[in-house]
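The values are calculated or read from the model by the stated rules, or taken from the named source; none is laboratory data. Since we're looking at a predicted model, the values are computed, not measured. Cβ placement follows ideal geometry from the backbone for every residue including glycine, while neighbour counts extend to all protein chains displayed.
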Amino acid sequence: MTVSKRRVPFLTMAVASLLLFSGLAFSFLAFSSHPAHASGGGGFNVPGNILISDQFNNRALEVNSNKHIVWSFGSNNPSLCNPGPGTIIGLNDAERLGDGFTLLAGTGIPGGGADPLLPAGCVDNRVIVVDQGGTIVWQYGQAGVTGSGPNQLNVPVFALQLPNHNIAIVDQSNERVIVVDKNTKKIVWHYGCPTCNLLNNPNSVELLPNGHFLIADENNNRVIEVNLDHQIVWQYKDHLNLAAFASRLPNGNTLITDSGHSRIVEINPSKQVVFQYFTNTQPGSNAAPLPTNAVQLADGDISIADQFNNRAIIIDPNKTIEFQYGMLNVVGNRPDQLDAPYTAYVIGDYTGQTSPPGHF
């Protein structure tokens with residue numbers, strides 16, 4: 001990340017292993033830690049709802065088309081450091097799995113003033129799966145423990161479940177992508193390592209239909225496709241600045257979140273730009289919002305986590321905003337407020353993404 005992101009100090013570090021198949025103004029409104037819950041009226045896990053990782057508020061939330069929160073997990077307290085059974089700190093990724101489980105990547109918060117409410121930072125370093133009630137049913141990494149050994153992570157920013165049920169994790173500050181066997185929790189495949197210099201602050205990974213992995217190698221300002229023999233078979237690095245996320249679309253194009261340029265860009269197989277959208281042009285926008293995630297939907301719309309504009313938006317192919325949760329460039333943790341959302345996914349729409357198995 002850059003100096004202003006929660007993962008800021010970690011952008012300068014390298015990525016290690018992939019795994020095998022398969023202004024900032026902070027709201028001081030704080031709530032006590034609580035487990036996941038669904039709001040009265042239901043609506044949990046309904047296709048079309050949006051699952052958001054609300055990074056600095058230390059929570060995941062699911063909202064429906066009426067902007068009602070129908071489910072959440074975490075404290076919604078930006079000043080509390082308490083990684084544990086009902087909390088997640090510095091949430092960078094939240095993905096809905098089969099049967100209503102949710103996969104969460106607890107990155108933690110760096111010290112040194114990246115978050116004025118937690119100037120000393122807060123270590124999490126867990127990837128967890130929770131059920132609808134907020135109970136942790138699977139975990140890799142240990143709360144408050146930093147390392148690269150067995151069951152240890154260092155700033156896990158992204159995770160996904162592969163078709164064979166194993167879990168791929170982007171272990172950012174260990175400069176690697178790893179695949180963890182779901183049952184044994186052993187690393188069965190990796191790309192990169194803390195001293196390999198193969199990656200530099202990787203930020204996302206997707207499994208492609210051909211069995212290769214697509215990695216957003218953020219601080220190397222590129223997107224690479226790597227096969228299982230650890231060979232780079234394709235890459236794109238033209239005019240990128242902090243490649244935060246990438247996915248391969250059904251038509252063969254690649255959608256990239258070019259965070260440092262505040263844009264979403266789509267390139268064709270000839271590496272020509274066929275679409276781009278800038279998130280910092282609206283009046284009142286943060287000049288450098290550093291969007292971190294963009295996913296094209298089945299109908300051609302694009303869901304975007306516009307990080308430091310503190311909003312999740314959906315735009316249509318004409319670049320019109322059709323949906324927005326969060327107030328433009330306003331930090332908060334009240335209804336319709338976010339604090340540096342990192343990912344935003346439409347439940348049930350996995351266009352360009354690794355579709356999870358039918359059950360966890």
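Quick notes on this one:
- Residue, surrounded by the most Cβ atoms within 10 Å (Cβ to Cβ), within the range 274-322, restricted to residues that are acidic (Asp, Glu) and touching a strand residue (DSSP E or B) at 6+ places or on another chain (Cβ under 8 Å): 306
- Among the criteria (1) within 22 Å of residue 354 (Cβ to Cβ); (2) crowded, with 24+ Cβ neighbours inside 10 Å, the one residue 262 does not fulfil is (1).
- Residue match in the range 189-206 (condition: surrounded by fewer than 24 Cβ atoms within 10 Å (Cβ to Cβ), on the phi < 0 side of the Ramachandran plot and of a type in the set (A, V, I, L, M)): no
Conditions (1) modelled with pLDDT under 95; (2) within 17 Å of the chain's Cα centre (by Cα); (3) closer than 24 Å to residue 49 by Cα; (4) not basic (Lys, Arg), marked per residue:
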position: 126; (1), (2), (3), (4): no, yes, no, no
position: 130; (1), (2), (3), (4): no, yes, yes, yes
position: 158; (1), (2), (3), (4): no, yes, yes, yes
position: 199; (1), (2), (3), (4): no, no, no, yes
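- Hits in the range 321-360 (condition: among the charged types (D, E, K, R) and under 29 Å from residue 209 (Cβ atoms)): 322, 349
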